[in-house]
Amino acid sequence: RLLIHAGAQSRSALALTWTGDAEAAFLSNAVGEIHVEDGARIDALEIQRQPAAVHHVWNLGVRVGRDATFSSCCVQLGAKLARNDMGVRLDAEGAACRFDGVTFLGRRQHVDIQTNVDHALPHCESHQLFKSVLEDHAQVAFAGKVLVRPDAQKTNATQANHNLLLSPDAVCDSVPMLEIFADDVKCAHGATVGQLDPEALFYLRARGIGLADATQILVRAFADEVPERIDHEALAAHAKAALASYFDRS
């Protein structure tokens with residue numbers, strides 16, 4: 001259990017790494033609770049690289065105060081089965097949050113991502129971007145909900161989920177949701193599922209780049225948008241290093 005209380009006007013960075021012995025098989029079951037008081041800011045990075053036989057469950061709840069910010073990025077690379085439940089309540093005017101994530105899966109890995117952003121009061125904003133790259137028989141399920149309550153006028157909320165399938169056997173289920181009970185808001189959501197652009201592959205291969213290298217170039221370009229959105233310099237570098245190590249493993 002992780003409990004964090006960020007005092008008013010404080011600044012902090014949080015880096016979580018989930019890992020274990022490569023031959024291990026276990027259940028990782030964790031819960032986090034974060035309170036971000038007025039004017040505070042927390043930048044968080046989660047890297048999940050559990051062993052191939054592990055079941056991983058993570059539930060995170062966040063409350064954000066007046067003019068406070070919670071910014072989070074989740075990089076998922078491991079586990080046989082992973083479930084991430086992440087919820088945030090924007091509890092005062094001027095509260096803001098960002099939920100981003102990038103997932104790489106192969107073999108028969110399965111990741112389930114659930115997000116819930118509750119806009120309770122006016123003049124708050126939230127932004128979400130989740131991307132997945134799937135190979136072999138991997139599966140990912142994304143369900144993201146944005147709730148705008150009747151009093152939450154002047155809300156600004158965006159949600160996007162983009163998925164890249166590198167195998168005909170990979171499966172993606174995407175359900176972005178908006179539930180809006182206010183009339184003066186700016187909200188948008190969307191989802192895409194597709195394959196690599198054959199014309200882009202042809203362009204690279206016509207310049208002497210092999211198929212494997214051309215594929216990696218396009219996949220990295222697709223994924224790099226997520227860590228590029230991290231404002232905290234050290235956390236951004238850590239996220240990029242994690243992705244680089246994934247690509248360099250072969």
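Observations on the structure shown:
- Residues in the stretch 81-106 that are part of a loop (DSSP other than H, G, I, E, B) and in contact with a His (Cβ under 6 Å, 6 or more places away or on another chain) were compared, and the one that is nearest to Tyr246 (Cα to Cα) is Gly94.
- Condition met for Val146 (under 22 Å from Gly32 (Cβ atoms) and out of contact with any helix residue (DSSP H, G or I) (no Cβ under 9 Å at 6 or more places or on another chain)): yes
- Within the stretch 60-82, considering residues that are open to solvent by 10 Å² or more (accessible area, probe 1.4 Å) and of a type in the set (A, V, I, L, M, F, W, C), the one farthest from Ile113 (Cα to Cα): Leu77
- Of all residues in the stretch 206-221, at least one satisfies being open to solvent by 30 Å² or more (accessible area, probe 1.4 Å) and either part of a strand (DSSP E or B) or in contact with an Asp or Glu (Cβ under 8 Å, 6 or more places away or on another chain) (or both).
- Scanning the stretch 222-250 for residues that are touching a residue at least 40 places away in the same chain (Cβ under 8 Å) and either open to solvent by less than 40 Å² (accessible area, probe 1.4 Å) or among the hydroxyl-bearing types (Ser, Thr, Tyr) (or both) yields Ala223, Val226, Pro227, Ile230, Leu235, Ala239, Ala242, Leu243, Tyr246.
- Hits in the stretch 191-243 (condition: more than 24 Å from Gln128 (Cβ to Cβ) and small (Gly, Ala, Ser)): Ala200, Ala206, Gly208, Gly210, Ala212, Ala214
- If you go through the stretch 119-151 and pick out every residue that is small (Gly, Ala, Ser), within 20 Å of Asp91 (Cα to Cα) and in contact (Cβ under 8 Å) with a residue 40 or more places away in the chain, you end up with 1.
- Residue check for Val57: of a type in the set (A, V, I, L, M, F, W, C), under 17 Å from the mean Cα position of the chain (by Cα) and surrounded by fewer than 21 Cβ atoms within 10 Å (Cβ to Cβ): yes
- Restricting the stretch 1-59 to residues that are part of a strand (DSSP E or B) and among the aromatic types (Phe, Trp, Tyr), the residue that is farthest from Ile113 (Cα to Cα): Trp18
- Top-ranked residue of the stretch 65-80 - restricted to ones that are in a strand (DSSP E or B) and out of contact with any Lys or Arg (no Cβ under 7 Å at 6 or more places or on another chain), ranked as nearest to Gln128 (Cα to Cα): Cys73
- Residues (within 17 Å of the chain's Cα centre (by Cα) and open to solvent by 50 Å² or more (accessible area, probe 1.4 Å)) located in the stretch 91-105: Arg98
- Residue within the stretch 106-118 that is among the charged types (D, E, K, R), surrounded by 18 or more Cβ atoms within 10 Å (Cβ to Cβ), in contact with a Cys (Cβ under 9 Å, 6 or more places away or on another chain) and in contact (Cβ under 8 Å) with a residue 12 or more places away in the chain present: no
- Condition check for Ile180: under 17 Å from Glu135 (Cα atoms), open to solvent by 50 Å² or more (accessible area, probe 1.4 Å) and either touching a residue at least 12 places away in the same chain (Cβ under 8 Å) or aromatic (Phe, Trp, Tyr) (or both): no
- Count - residues of the stretch 122-166 that are of a type outside the set (D, E, K, R), assigned to a loop (DSSP other than H, G, I, E, B), at negative phi and surrounded by fewer than 23 Cβ atoms within 10 Å (Cβ to Cβ): 5
- Glu23, sole failed condition from (1) loosely packed, with under 15 Cβ neighbours inside 10 Å; (2) in contact with a Gly (Cβ under 6 Å, 6 or more places away or on another chain): (2)
The values are calculated or read from the model by the stated rules, or taken from the named source; none is laboratory data. Computed from a prediction, not measured in an experiment: that's the story for all the values here. Note that we place each Cβ from the backbone using ideal geometry, even for glycine, and neighbour counts take in every protein chain shown. These area figures cover heavy atoms from the full protein model, side chains too; ligands, DNA and RNA do not enter into them. Shrake-Rupley method; radii C 1.70, N 1.55, O 1.52, S 1.80 Å.
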